[in-house]
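In what follows, a single structure is set out as structure tokens and then discussed.
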Amino acid sequence: MEEELLIYTQKITPRVSYVFKHIFVRILNIPIKFTSTIEEFVAHDGLKMTYAKAPLGNEFFIQSHTLLFEQGINDIEITMSQWDSTPCFFSKGKKSVIPFDIFAASFYLLSRYEEYLPCVLDENDCYPAEESIAYKNNFLDKPIINVWAYKLLKALKEKYPEFKHQPNKYKYLSTFSINQTFLYRCKGVIRNLVGGFYDFFTLKLFEVWMRIAVFLRIKEDPYNTFDKIITLQKKHNIKTIFFFLIANYTTYDNNVAFTKRKYHLLIKSIADYAKVGLLSSYFTMDNEDKLKKEANRLSHIINTPTKISRQHFGRNKLPETYQKLIDLDISEDYSMGYLKHLGFRASTCTPFYFYDLDFEIQTPLKVYPYAFMDNTLRFDLQLSPKQALMKVNHITNMVKQVNGTLVSVFHNDCLSNFGDWKYWEDFYEDVLNCVKES
């Protein structure tokens, strides 16, 4: 049993409880207990710290900012400073063991406080990376909350050298977003004819041949890479989640029809080997009825309640989208990331529970932030497979250093070696070799 850390603070607010648990329990694996009774704190002869405006004596003390004792959203001025060579904000005085309020700063980032503030949205009506404090101050590629937590642990060990700590273990989780299950198969005669004419008149003659070959069952559909993905999952012994789009046809959601029996059979077969979740369609961000319908469709296919989801195109508006998920008893979300940038949108690589600033509560929705996506590497950053692997290696090392959880997003067409993914066929396995846990 790990030694418990006793924390004295004058008021134990929901914000205080939430962020202290994330840093100490989830990141550092240190059990904690709060007290607002000075006598209890003074009498305690074990591991302890004070979080307040002023220290009680010469104990381990971190001076508090007002953020964790406030309610609602206020326009907070952020001034960046440095802790050694690490960026930080909410600077504090010399009596504080560390030069800023790590808990208030972590809460600001973790709760996505800044996403509640007015800003110019991107083309998908989402919060853009460019508006974030992490992007503006060049720490988007770092799980800065985890980095701070381990620097805090070092300071705590200096104060209590006899303290024995058992860290968490680094984990990797592979996820696949299946928004184009097949390129040609199960698309129907009319869609294939229209696509075929387009390919022909744009001189994509190889694509015309492939479309005909797949239609006549001479060739397998290039995007049908599912057997390969499952084989690699078994070979590398990794946890994998597949998110399937089961939506009505729109400009943004143009997968095979969710009614197709072959599609249902594929989802059922995948569910035998991996977790299956819902890839919520484009318009579910603002439409709870659509979200409910799609969740029910998946439940009927896999004969189990839909508990995990990801938003298509990353369309996640806080707090409304998460409130809709909670209302539908969805317990895990995998949308926390930026479509066009690598890194850590919530500045952590440890799964966390969504804190709803509207209601000032920690919700039961567990958020798994992802760090990189294949499309971002290939299309937004325009990298070669070798350059992309170097980026993945950089991010992986960041997460391993703080014993975090690395979550990636891939698409089944990435393994197709077809069209835009020509020469990328081996990239996924190269990533698996790079990110492996042992």
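The values are calculated or read from the model by the stated rules, or taken from the named source; none is laboratory data. These numbers were taken from a predicted model, which means no experiment stands behind them. Here the Cβ positions follow ideal geometry from the backbone for every residue, glycine too, while neighbour counts run over all protein chains shown. Surface accessibility is based on the protein's heavy atoms, side chains included, excluding ligands, DNA and RNA. Shrake-Rupley method; radii C 1.70, N 1.55, O 1.52, S 1.80 Å.
General observations
- Here residue 313 meets each of (1) of a type outside the set (Lys, Arg); (2) touching a residue at least 60 places away in the same chain (Cβ under 8 Å); (3) open to solvent by less than 40 Å² (accessible area, probe 1.4 Å); (4) in a helix (DSSP H, G or I) with one exception, condition (3).
- Some residue of the stretch 32-42 being surrounded by 15 or more Cβ atoms within 10 Å (Cβ to Cβ) and assigned to a loop (DSSP other than H, G, I, E, B): no
To keep it simple, each residue is scored yes or no on (1) within 14 Å of residue 338 (Cα to Cα); (2) under 16 Å from the mean Cα position of the chain (by Cα); (3) surrounded by fewer than 17 Cβ atoms within 10 Å (Cβ to Cβ).
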| residue | (1), (2), (3) |
| --- | --- |
| 121 | yes, no, yes |
| 125 | yes, no, yes |
| 133 | yes, no, no |
| 137 | no, no, yes |
| 159 | no, no, yes |
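- Scanning the stretch 318-331 for residues that are crowded, with 18+ Cβ neighbours inside 10 Å, within 15 Å of the chain's Cα centre (by Cα) and part of a loop (DSSP other than H, G, I, E, B) gives a single hit, 318.
- Within the stretch 48-89, the set of residues being charged (D, E, K, R) and more than 27 Å from residue 35 (Cβ to Cβ) comprises 75, 77, 84.
- For the stretch 7-31, the set of residues classified as within 25 Å of residue 399 (Cα to Cα) and outside any helix (DSSP H, G or I) consists of 28, 29, 30, 31, listed by residue number.
- Counted residues, the stretch 72-113 - those being more than 21 Å from residue 52 (Cβ to Cβ) and of a type in the set (D, E, K, R): 4
- When 388, 346 are checked against the criterion of being touching a residue at least 40 places away in the same chain (Cβ under 8 Å) and open to solvent by less than 30 Å² (accessible area, probe 1.4 Å), a single residue qualifies: 346.
- Within the stretch 398-419, considering residues that are surrounded by fewer than 19 Cβ atoms within 10 Å (Cβ to Cβ) and more than 17 Å from the chain's Cα centre (by Cα), the one nearest to residue 173 (Cα to Cα): 401
- Residue 163 meets the conditions (1) open to solvent by less than 40 Å² (accessible area, probe 1.4 Å); (2) under 30 Å from residue 76 (Cα atoms); (3) outside any helix (DSSP H, G or I) in every case but one. The failed one is (2).
- Test set (1) under 25 Å from residue 130 (Cβ atoms); (2) surrounded by fewer than 19 Cβ atoms within 10 Å (Cβ to Cβ); (3) without any contact (Cβ under 8 Å) to a residue 40 or more places away in the chain; (4) of a type in the set (Phe, Trp, Tyr) - residue 423 fails condition number: (1)
- Criterion: of a type outside the set (A, V, I, L, M), in contact (Cβ under 8 Å) with a residue 40 or more places away in the chain, open to solvent by 30 Å² or more (accessible area, probe 1.4 Å) and under 20 Å from residue 355 (Cα atoms) - qualifying residue of 103, 69, 20: 69
- Residue within the stretch 267-277 that is crowded, with 21+ Cβ neighbours inside 10 Å and closer than 26 Å to residue 353 by Cα present: yes
- Among the residues making up the stretch 356-385, a single one is among the polar types (S, T, N, Q), open to solvent by 30 Å² or more (accessible area, probe 1.4 Å) and part of a strand (DSSP E or B): 362.
- Filtering the stretch 91-144 to residues that are aliphatic (A, V, I, L, M) and in a helix (DSSP H, G or I) leaves 102, 104, 105, 109, 110, 129, 133, 134, 144.
- Among the residues making up the stretch 4-17, those that are open to solvent by 10 Å² or more (accessible area, probe 1.4 Å) and closer than 24 Å to residue 367 by Cβ are 12, 13, 14, 17.
- Considering (1) closer than 26 Å to residue 6 by Cα; (2) part of a helix (DSSP H, G or I); (3) free of Cβ contacts under 8 Å to residues at least 40 places away in the same chain, the lone condition that residue 152 does not fulfil carries the number (3).
- Number of the exception - residue 334 against (1) of a type outside the set (A, V, I, L, M); (2) more than 9 Å from the chain's Cα centre (by Cα); (3) within 20 Å of residue 125 (Cα to Cα): (2)
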